[in-house]
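A.B. asks: Pasting a structure here, questions to come.
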């Protein structure tokens, strides 16, 4: 998995909220002086959605089509127009 995919996955998790197990362990010494696990407590903790993560996700990964068009250069817009005109022409030729 690419680093960018890992970051996107982490942001998505934080943006939507998640639950995680929190483990608390207590150790004590036995007669020989060795540490042994005496108590283990597992609690489920819920982390609420984070609006900052939502904003980063929307800004970085989910641009609207309008934002994409506004960011295009004139040359790219002309190429996009020509490609769409070609698709329309092919569609018209196929209908006849």
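A.B. asks: Looking only at the range 34-51, decide whether some residue is touching a helix residue (DSSP H, G or I) at 6+ places or on another chain (Cβ under 9 Å), within 30 Å of residue 77 (Cα to Cα) and surrounded by 12 or more Cβ atoms within 10 Å (Cβ to Cβ).
C.D. replies: no
A.B. asks: Within the range 47-79, which residues are assigned to a loop (DSSP other than H, G, I, E, B), modelled with pLDDT of 85 or more and under 20 Å from the mean Cα position of the chain (by Cα)?
C.D. replies: Residues satisfying the conditions are 48, 49, 50.
A.B. asks: If you go through the range 67-79 one residue at a time, how many are out of contact with any helix residue (DSSP H, G or I) (no Cβ under 8 Å at 6 or more places or on another chain) and over 25 Å from residue 7 (Cα atoms)?
C.D. replies: Narrowing the range 67-79 to residues out of contact with any helix residue (DSSP H, G or I) (no Cβ under 8 Å at 6 or more places or on another chain): 67-68, 70-71, 73-76, 78-79.
The next check asks that each one be over 25 Å from residue 7 (Cα atoms); those that pass are 70, 73-76, 78-79.
So the answer is 7.
A.B. asks: Then there's this: Just to check your reading of the model, which residue among 82, 32 is part of a helix (DSSP H, G or I) and more than 25 Å from the chain's Cα centre (by Cα)?
C.D. replies: 82
The values are calculated or read from the model by the stated rules, or taken from the named source; none is laboratory data. Remember, it's a predicted structure, so these values are computed and weren't measured experimentally. We place every Cβ from the backbone using ideal geometry, glycine too, and count neighbours over all the protein chains shown.
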